[in-house]
1. Rule-of-thumb check for the chain: C-alpha Rg over 2.2 N^0.38 Å?
2. In nm, give the distance between the simple-model label positions of GLU61 and LEU24, each being 7 Å from the Cα along the Cα-to-Cβ direction.
3. To the nearest 0.05, how large is the calculated FRET efficiency for ASP9 and ALA33 if R₀ is 22 Å and r is the Cβ-Cβ distance?
4. What residue among ALA32, ALA16, ALA58 shows peak mean-square fluctuation when the chain is described by a Gaussian network model with Cα springs under 10 Å?
5. With every protein chain present, what is the per residue accessible area of the chain (1.4 Å probe, Å²)?
6. Ignoring everything except DSSP H segments at least 4 long, calculate the 222 nm mean residue ellipticity for the chain; use -39,500 (n - 2.57) per segment, divide by total residues, nearest 500.
Amino acid sequence: MVSARFPPDLIELQRAHNRTYEALADHPEDAAALRRRLLRLSSRLFWHPYFDSPGGAARPELRRRAREGPAGA
């Protein structure tokens, strides 16, 4: 599998999505606000310009890379 190169802002966006998803699981008392944030982040991820490019079909790779470490790693 060829490794995709993701822009740093896209990796950080995915990390914010991951953190929000985890917070939703850990803090159900804040569910409404966290769900709204998760929806905004999901929309920004889905419509990010990177995915308009021919090599932009690597969403699972993005999720894996965001869990790995610092941006650009």
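The values are calculated or read from the model by the stated rules, or taken from the named source; none is laboratory data. Computed from a predicted structure; not experimentally measured. Cβ: placed from backbone, ideal geometry, glycine included. Neighbour counts: every protein chain shown. When the accessible area is computed, the model is the full protein with side chains, heavy atoms only, and any ligands, DNA or RNA have been set aside. Shrake-Rupley method; radii C 1.70, N 1.55, O 1.52, S 1.80 Å.
1. Relative to the rule-of-thumb radius for its length, the chain sits at 1.16.
2. 2.6
3. Step by step, r from the Cβ atoms, then E = 0.40.
4. Of ALA32, ALA16, ALA58, the most mobile in the Gaussian network model is ALA32.
5. That works out to 71 Å² per residue.
6. When only DSSP H runs of four or more count, the value is -20000 deg cm²/dmol.
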